[in-house]
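Since the structure comes first, as structure tokens, the remarks are kept for the end.
We did not get these values from a lab; they are worked out from the coordinates using the rules stated. Here the structure is a predicted model, which means the values were calculated and not measured. Positions of Cβ are backbone-derived with ideal geometry, glycine not excepted, and every protein chain shown enters the neighbour counts.
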Amino acid sequence: MRRLLVVAAVCALALVPLAPTGAGKPAVSSLYLGITGDPGRFQGQTGQRSALQQAFISWDQGRTFGKKIPVLLASLGPIPLVHIGTGGPLGTSEAIKPLQIARGQGDAFLIALSEGIAVHEGLVYLRLMAEMNHYRPFHAAFTESGTSKGPQYSPEAYRKAFARMYVILHGGKRSAIEAALRRLGLPPLVGGDSDLAVNPRSKLRIIWNPLGGDNPKLPANAATNFYPGDRYVDLVGNDMYTSNGIFSAEANEALYAFARARGKRYSFPEFGLAGGDFPAFIRYICGFLKERTGIELAAYYKSKGGSRYDLGTKAKSRAAYRDCITPLGRKVP
């Protein structure tokens, strides 16, 4: 995630030539550009009028603490991009485990979130428990040393939790939701006694978002082991950073190929410079956006004074972004 400085399977840009993939011209007209941090500051740096503004929220935020969900979404204009983790209010302790979500112990929050999205005027993007194949998130399946954290965090538990979240968040008649949960072998909806408003894919886009490179690098921790199935994914995302001028280009190519083979669109919910001024990384991202079909969003992390990721101290990267990436985004709605 945005705090992670080391991405597994790093390789130099020069080792991975960017070759066109798939037929047809890239649909850059459908690309939304976004930002984590201050959109105005980033516009001043790059000229980008961000369509997406990203926030990271804790489990149950907007229901039992913090701004109510409709208020939170309305504050993230024009289009909210929200990551939902399993940490508590301060993000320093775990609030819920993946298997508990799968069994319905988090349904009250999911119902409230679904209802909040339904009353929001406009499109919403959600990232659910991203970077599950890295050891740092609470919802990770393995420790840094490669030890399993147990069945409550297993890839199977994650897949079931993700699918349950997807079904409830997209809403619909209670009978239809519970039928979908039965097909998954999961318990019925917990709490509430009424139908939910439908949040179609044109209204709510849910992102399955591993890291292109696994950490720890184990067969059991491969990103694809956490894939919940085509029915429960709207688009695939990859978080991509560079530190010291190297980054996981090869792993990014592999994840993109995985997504497109399943008919899923691709995204960069986070990409950024983890210290240092490396315009080659910005040019790689730009080339990837221009040369590939089916890329829906790319959001820079992040714009904040004093942050190691901020472009304020990275003149060459800032210029490369302004010249190459800024012109690609579709008009802000």
Subject >> Label-to-label distance, nm, for residues given as F65 and D323 (7 Å Cα→Cβ offset) >> reply: 4.7
Subject >> Relative frequency of Cα-Cα separations exceeding 15 Å in the range 36-105, percent >> reply: 61
Original post:
Which order results if D277, D195, D60 are arranged by neighbouring Cβ count within 10 Å, fewest first?
Top reply: D195, D277, D60
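Computed FRET efficiency, Cβ-Cβ of A261 and A179, R0 22 Å: what is it to the nearest 0.05?
Numbers: r = 29 Å, r/R0 = 1.30.
According to the calculation, E is roughly 0.15.
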Subject >> Distance between modelled label sites at D193 and E121, nm, 7 Å Cα→Cβ extension >> reply: 3.4
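Of K149/K217; K290/K316; K264/K304; K97/K160; K68/K203; K264/K290, which sit over 23 Å apart, Cα to Cα? Numbers along the way, then the final one.
Details: K149/K217 15 Å; K290/K316 20 Å; K264/K304 32 Å; K97/K160 12 Å; K68/K203 19 Å; K264/K290 17 Å.
Among K149/K217; K290/K316; K264/K304; K97/K160; K68/K203; K264/K290, the Cα-Cα distance tops 23 Å for K264/K304.
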Original post:
Roughly how many Å is it from the Cα centre of the range 227-275 to that of the range 45-85, as a whole number?
Top reply: 21
Original post:
Considering the Cα trace of the range 174-304, what is its radius of gyration and what is Dmax, both in angstroms?
Top reply: 17.9, 54
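List D193, D323, D107 from most exposed to least, where exposure is judged by having the fewest other Cβ atoms within 10 Å. Don't skip to the answer; put the middle values down first.
Working: D193 6, D323 15, D107 22.
Least crowded to most crowded, the residues run D193, D323, D107.
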**OP:** Rounded to the nearest 500, what is the 222 nm mean residue ellipticity of the chain from helices alone, with -39500 (n - 2.57) per DSSP H run of 4+ residues and division by all residues?
**Re:** -8000 deg cm²/dmol
**OP:** Calculate the radius of gyration of the Cα atoms of the range 254-313 to one decimal place, then report Dmax, the largest Cα-Cα distance, as a whole number, both in Å.
**Re:** 13.3, 41
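For each of L189, L211, count neighbouring Cβ atoms within 10 Å of the residue's Cβ, then give the residues from fewest to most. Before the final figure, lay out each step's value.
Working: L189 21, L211 27.
So the ranking, lowest neighbour count to highest, is L189, L211.
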**OP:** Could you check what % of the DSSP bridge pairs in the chain are antiparallel, to the nearest 5?
**Re:** 10
Subject >> Rg/Rh (Cα only; Kirkwood hydrodynamic radius) as it applies to the range 65-156 >> reply: 1.01
Subject >> Dimensions (Å) - the chain, Cα atoms, principal axes, largest first >> reply: 56, 43, 42
